[in-house]
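Below you'll find the structure, written out as structure tokens, and then a few comments.
Every number here is computed from the coordinates shown, using simple stated rules; none is lab data. The shown structure was predicted, so the numbers you read here are calculated from the model rather than taken from an experiment. With ideal geometry, Cβ positions are generated from the backbone for all residues, glycine too; neighbour counts draw on all protein chains shown.
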Amino acid sequence: MAINKNHEFEDLDNIKCSIVEKNVSTERVQFLKNLLSFNKFEVVVVPSPASKDTPEPVVTTTFTVGVTDLRFNPTNAVFGRALHTTDGHIVTLAYWNQEDLVSDDTVPYFEHTK
């Protein structure tokens, strides 16, 4: 997961974007797109580039997710409690990582158990 990476930027479909996560599955793309769109971010999704180690072209099944707001940083957004779920709760680290189906913002992230 990209939650521990530095703040990254790239051009996705010729749009300068703050990178949310790279090499994510279709299901993860849908989760992030729904969550970030609900929080009023414009989401850009492009297929991940093929590995340079592969000699023949392969169909990519992973994607890169970004937002057009260059101030967005996923680490700051989660730990700064800046994102909300559709039911009004604050997005927790466990919810962001899709370890919990419901965001329980009453339990501190350092006390969360799987």
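Extension gain for the segment PHE31 to THR68, taken as residue separation times 0.36 nm less the Cα-Cα distance, is 11.6 nm to one decimal.
The fewest-to-most ranking of VAL65, VAL46 by surrounding Cβ atoms within 10 Å reads VAL46, VAL65. Computed extension gain for ALA50 through ASN23, at 0.36 nm per residue and net of the alpha carbon distance, reaches 8.7 nm.
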